[in-house]
Every structure is written in structure tokens, then in C-alpha cells.
Amino acid sequence: MLYSRQEKVIGTKAQKRLQKSKALIVGMGALGTVAASLLARAGIKELILIDRDVVEESNLPRQLLYTETDVGKSKAFCAKEKLEQINSQLRITALALHLNPQNIANLKEQNLSLILDCTDNLKTKLLLNDFCKKEKIPFIYGSAIKQQGQVMAIFPGGPCLSCFLKEAHAETCEQIGVLNTITSLVGTLQADLALKILIGQKQPSELYCLNLEKNSCRKLTVNTNPLCPACQGRYDYLNSTENAVFIKFCSSGKYQIDGRPLNLEELNQKLRGTVTTYFDGASLKIEKMLVFADGRALIAADSEQEAQAIYSKYVGN
Ligand SMILES: [Zn+2]
């Protein structure tokens with residue numbers, strides 16, 4: 001790979017610095033595939049890719065590294081293969097797992113220059129925020145839904161994601177949709193900020209708010225929230241043991257998830273057209289999952305991770 005055009009802009013020294021950098025990308029969906037391919041082409045030395053899912057047909061409109069023949073393959077491993085074809089000098093580690101408060105500790109030894117949050121899962125975002133704050137690693141938050149997106153570079157000493165984002169029963173892209181232009185834009189902005197940070201350019205604590213329905217881009221200054229737990233050294237998501245009680249293994253291939261109470265009728269309406277559902281008034285069947293109004297879900301899956309992935313996909317985080 002020749003970086004002559006890019007070097008004219010950033011300089012030889014910065015290019016050399018980039019070629020010594022190592023970043024972790026969590027989530028190899030729409031944002032992650034765009035950000036990873038730009039960083040691979042820009043000449044980053046090493047990438048770690050994490051994703052718990054497999055490629056599905058409904059991913060293909062947005063997830064730019066995958067093609068029709070990739071359906072059913074692990075996203076992390078499939079992305080690794082594609083990125084190696086783009087840049088053979090790039091070192092890549094693929095991990096097909098769901099990050100949780102227990103396994104995230106393994107990342108401490110990785111000597112990461114930066115972490116990109118390309119997930120669509122609020123809990124994972126806040127877990128990464130805690131981890132980066134504690135381990136003093138720069139972190140790039142990104143999210144996209146419908147035609148709206150947000151991006152922000154977060155630094156260990158400055159305001160963080162927990163300063164302005166709270167866990168809520170947020171709507172998912174599965175329920176209300178998303179366009180490929182906004183996801184690509186968010187992924188590109190994440191890669192742009194990553195590049196600048198990796199070559200040592202100082203970046204402000206600003207939140208990009210993009211709205212393609214209104215053709216608008218705003219930047220908001222984020223200040224440290226005096227009530228933010230993470231900024232006060234309380235890492236609720238990192239110390240959470242919720243995962244252990246959240247999912248129960250019932251019988252061979254059956255898992256129970258104890259989620260929040262749900263309005264099944266509303267959920268059924270939202271999912272109409274995207275997946276086959278059956279609502280009998282007391283429970284809602286969504287493919288291999290049966291959900292009850294008290295938030296309990298019974299899921300046929302091969303692993304805890306798969307069960308959690310199915311739940312997040314259709315019900316939310
Ligand atoms: Zn904070």
C-alpha cells in the first residue's frame with residue numbers, strides 16, 4: 001500500500017506514527033465495517049475486531065464489507081478476511097464474542113492506542129466508556145438510527161458518555177429502521193477522529209449531531225456532569241454482575257432472559273414487516289423467542305451470547 005496522497009496532507013512523521021498504532025473496534029456492523037476499512041486503508045498497524053453476530057441478509061444494505069455469499073458467517077472473522085485483502089500489512093485479531101464486565105478485562109494487556117464504539121447496544125457503550133475512563137484510553141462513540149447520527153471523541157480526563165447518556169429502553173434500528181447514508185457518515189467521522197487522535201492531533205470534546213432528514217450537522221460542547229458516576233471513579237457497568245443473573249440456562253438449547261416489562265402490542269406493531277410474529281394477547285412470539293409482558297423471554301439458542309443477541313435485536317438492550 002502506498003500512502004503518498006495521504007502523506008501530502010498529514011506528513012511523513014504522522015504517517016509513521018499511524019503505522020505504529022493499534023485500535024480496537026467493537027461492533028463490526030454498519031459503523032464498524034466503514035471505520036475499519038478506512039483505518040485499514042489509511043495504514044494503521046493493528047486492529048482488533050469484536051462482534052458477537054453473524055452476517056444476515058438484512059445487514060447487506062449498510063455493512064459495506066460483506067456480500068451475499070457472506071450470509072451466515074461470523075462478522076468479526078469475515079471482516080478480518082476482507083480487510084486482509086485490502087491491506088496485507090495490517091495485523092488483525094478477530095473475536096466473536098459479546099463484551100461483558102468479565103471478559104473486557106482481557107483487553108487490558110492489549111496496549112490499545114484507541115477504542116472505537118461501533119455497537120448498537122447502549123449497555124456495551126456504557127461498559128466501554130467505563131473501561132476507557134478507568135484504563136485511560138481515548139474512546140470514539142458513534143451511533144445511528146433512522147436518519148440521525150451522533151459521534152464524539154472522548155478522552156480519559158474529559159467529559160464522558162455517562163455525562164450525557166443514560167441507559168433507557170431505547171428503540172432499536174430493528175424496530176424503527178436506519179439508512180445506509182447516515183451509518184456510513186457516522187463510521188467515516190469515527191475513522192476521521194481516530195486518525196487525528198492516533199497521529200497526535202488534539203481534539204475538542206464536541207458531540208456531532210447529524211440529521212440527514214433535515215440536512216443538518218450541529219456540534220454541541222459537552223461538559224463534565226458533576227453527577228456522572230464514571231467521572232467520579234464509580235464504574236457501575238464495569239462492576240456490574242447483572243449478566244450473571246440476567247440470563248438463565250433453562251434446558252438444552254433454551255434460555256430465559258429477565259428483562260424490563262414490555263408493551264407487547266406496541267412491540268408487535270413496531271416489528272411488523274421485519275419479522276414474522278404471533279401475538280396471542282399474553283405472549284408475543286418472535287421467531288425463536290417467546291416474550292411475556294413482564295419482560296421475561298424464552299429463547300431457543302445455542303449459547304448465552306446468541307440468546308442475548310436475539311433479545312437485543314428484537315426487544316432492545
Ligand atoms: Zn462522565
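The values are calculated or read from the model by the stated rules, or taken from the named source; none is laboratory data. Computed from a predicted model, the values in this text were never measured in an experiment. Here Cβ is always computed from backbone atoms with ideal geometry, including for glycine, and neighbour counts include all displayed protein chains.
Residue-wise test of (1) in a loop (DSSP other than H, G, I, E, B); (2) within 13 Å of the ligand (Cβ to nearest atom); (3) among the small types (G, A, S); (4) not assigned by TED's automatic domain parsing to the domain that holds L122.
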site	(1), (2), (3), (4)
Q203	yes, no, no, no
C209	no, no, no, no
K214	yes, no, no, no
C217	no, no, no, no
N223	yes, yes, no, no
P226	yes, yes, no, no
Y237	yes, yes, no, yes
If I176 satisfies every condition in (1) free of Cβ contacts under 8 Å to residues at least 40 places away in the same chain; (2) over 25 Å from L227 (Cα atoms) but one, which is the exception? (1)
Hey, can you tell me all the residues within the range 179-191 that are surrounded by fewer than 17 Cβ atoms within 10 Å (Cβ to Cβ) and not β-branched (V, I, T)? N180
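Residues checked against (1) part of a loop (DSSP other than H, G, I, E, B); (2) in contact (Cβ under 8 Å) with a residue 12 or more places away in the chain:
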{"residue": "K13", "(1), (2)": "no, no"}
{"residue": "G32", "(1), (2)": "no, yes"}
{"residue": "A36", "(1), (2)": "no, yes"}
{"residue": "L39", "(1), (2)": "no, yes"}
{"residue": "L49", "(1), (2)": "no, yes"}
{"residue": "Y66", "(1), (2)": "yes, yes"}
Of the conditions (1) under 22 Å from L39 (Cα atoms); (2) within 16 Å of the ligand (Cβ to nearest atom); (3) over 16 Å from the mean Cα position of the chain (by Cα); (4) of a type outside the set (D, E, K, R), P159 fails just one. Which one is it? (1)
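Being in a loop (DSSP other than H, G, I, E, B) and at pLDDT below 95 is the filter here; which residues of the range 51-64 pass it?
Within the range 51-64, D51, R52, D53, V55, E56 meet the criteria.
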Would you pick out the residues in the range 68-99 that are of a type in the set (D, E) and either in a loop (DSSP other than H, G, I, E, B) or within 14 Å of T33 (Cα to Cα) (or both)? D70, E81, E84
So, in the range 165-178, of the ones that are of a type outside the set (V, I, T) and surrounded by fewer than 17 Cβ atoms within 10 Å (Cβ to Cβ), which residue ends up farthest from the ligand (Cβ to nearest atom)? G177
